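Rule-based calculations on the coordinates, nothing more; no lab input. Not measured: the values here are computed from a predicted model. A quick note on method: Cβ atoms are made from the backbone with ideal geometry, for glycine too, and the neighbour counts reach across all protein chains shown.
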Amino acid sequence: MRYLSTRGDATPRKFCDILLEGLAPDGGLYLPDHYPQVDSATLAKWRGLPYHALAFEVLSLYIDDIPAADLKALCAKTYTEDVFGTPDIVPLRELEDGVYLEALSNGPTLAFKDMAMQLLGNLFEYELARRGEQLNILGATSGDTGSAAEYAMRGKQGVRVFMTSPEGRMSAFQQAQMFSLQDANIHNLAIAGVFDDCQDIVKAVSNDLDFKRKYKIGTVNSINWARLLAQVVYYFAGYFQASASNDKPVSFTVPSGNFGNVCAGHVARMMGLPIHTLVVATNENDVLDEFFRTGVYRVRAAADTHETSSPSMDISKASNFERFVFDLLGRDGARLRALFEGELGQCGRFDLSADPAFAEAATRFGFRSSRSTHADRLATIRDTDKRFATLIDTHTADGLKAAREHLTPGVPMVVLETALPIKFAETIVEALGHEPDRPARFVGIEALPKRVVSLPADAHVVKNYIAQHCD
């Protein structure tokens, strides 16, 4: 398996090279040169496998430069009951007739990001030891990526983490999870701005090739293919739990901000997993919903990015969307570069509404979308608690509301749960009048000493900080 850039650089690269690299040198995102196809016989063989074994089977289709025995051991080390609290790892439960919740938030930081980040930490440590190298990870978070990355990388040999986040824009619990870590290899950088400013900084630093090479800069955001690849596994796991046989289609609804989570579903579908529909659920920051409804991709300025009660989706530049558009346009790297560097870079938007390819977003690739508001979230949380005695977080509420708008008779709909409610306690209190349950290990976390540095939204300032803390 070899990897190429969405923006046209077709230099063949192996998995472990792009694992440590993040963005491609031309500013594009890496994708495999083809999607391995999974037939019904293979699905039958995988059905019933424990999660770590399923992960090995999926990952091994894309990773041929790590010995199979080592990759199998890394998967077994990552996906354990001790780490994820259940032998099923991602248990599925039926909420109502034909609508299911797939629990992805049983990991160390109570968010779905743990599903990939725990593996990524082990992959980094393995490959860096094999090469005798170090890596400085630069990331951006709107809430959950940061804590998941830091908990996965803390204490890892050869790895430092520099995590940017929008100052004051995460929940108190999310901030406490990150800022209370005192590990020497963890650096929290609160940026004066919104998530998109943080993401722009990560891309700017990654595009400075001299700096990137000198300071061994890597990424853990879902622009890193390895992280997105790890997320493909739970679509297979969810499908097997929601279906009785491999000829039955299943749909998925995915709360979406940066498009990484649902892009993993797109990859699974391209591999041949019988996914009927992929529903993209957005909040008031509805740039993705607007595209799938109209064909217009229009990013918003920081001033027009709403601060909402599902803050991990307060994103107006969806990085992973580029991977899907690459496939949508027939993998035409030159055309994609013209859209993202030309029209989007100069005008802040591009329009595919008149392009025949746009219709294929729904017909060929199965995408639908929906938008949710704060009032919708409160209503969905209350309804789910009252009717099903089930407490969901704000992002999962966005997903559940969207799922009900796109049901197909006879096709199970799986809603990907994204976080536990305690991460967004303020909104739960507003909806239900009481705090959600808090795992014992997080009692009093908001009162712990915090280790964080405030910086302006300036890539040069961030680069200087990294240079000063790499000794």
Sequence-distant residues sharing a close amide H with S319 (under 5 Å, placed H): none
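If packing is taken as the average count of other Cβ atoms within 10 Å, what order do 447-457, 112-122, 320-330 fall into, highest mean first? Could you put the intermediate results ahead of the total?
Numbers: 447-457: 13.4, 112-122: 26.1, 320-330: 20.9.
Going from most to least packed, we get 112-122, 320-330, 447-457.
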q = 0.11, 0.15, 0.19 Å⁻¹: log10 I(q)/I(0) that the Debye formula gives for the stretch 351-471, counting C-alpha atoms only: -0.67, -0.89, -1.01
Value at 222 nm in deg cm²/dmol, rounded to 500, when DSSP H runs of n ≥ 4 in the chain each add -39,500 (n - 2.57): -12500 deg cm²/dmol
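Anything over 18 Å Cα to Cα? Flag those among K203/K317; K156/K214; K113/K423; K77/K156; K212/K463, in the order listed. If you can, show how the numbers build up before the last one.
Details: K203/K317 12 Å; K156/K214 21 Å; K113/K423 13 Å; K77/K156 14 Å; K212/K463 10 Å.
Correct reply: K156/K214.
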Under Karplus coefficients 6.51, -1.76 and 1.60, residue-wise ³J(HN,Hα) of the stretch 232-246 in Hz, glycine/proline x: 4, 4, 6, 5, 5, 4, x, 4, 4, 6, 8, 10, 9, 8, 7
5 Å binning of all Cα-Cα separations within the stretch 399-463, expressed as whole percents from 0 upward: 3, 12, 12, 13, 12, 13, 14, 10, 7, 3, 1
Protection-proxy order for peptides 164-177, 33-46, 197-210, each taking the mean of Cβ atoms within 10 Å per residue, highest first: 164-177, 197-210, 33-46
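What order do you get for 351-357, 376-382 when each peptide is scored by the mean count of other beta carbon atoms within 10 Å, highest first? Show your work: numbers first, answer last.
Values: 351-357: 13.0, 376-382: 20.1.
Taking the mean over residues of other Cβ atoms within 10 Å, the ranking is 376-382, 351-357.
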Under 5 Å, built H, 5+ apart or other chain: amide partners of V415: Y100, L101, E102, T253
The chain: relative contact order as a whole-number percent, Cα under 8 Å and 6+ apart: 19
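Rounded to the nearest 5, what % of DSSP beta bridges with both residues in the chain are antiparallel? Provide the component values of the computation, followed by the final result.
Numbers: 13 of 47 bridges.
So the antiparallel bridges in the chain amount to around 30 percent.
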Calculated from backbone phi, Karplus (6.51, -1.76, 1.60) coupling profile of the stretch 51-67 in Hz, x at Gly/Pro: 4, 5, 6, 4, 4, 4, 4, 5, 5, 5, 5, 10, 10, 10, 10, 10, x
Radius of gyration, Dmax [the stretch 205-354; alpha carbons; angstrom]: 16.8, 53
Candidate aspartates and glutamates - alpha carbon under 12 Å from K248, same-chain residues fewer than 8 apart omitted: none
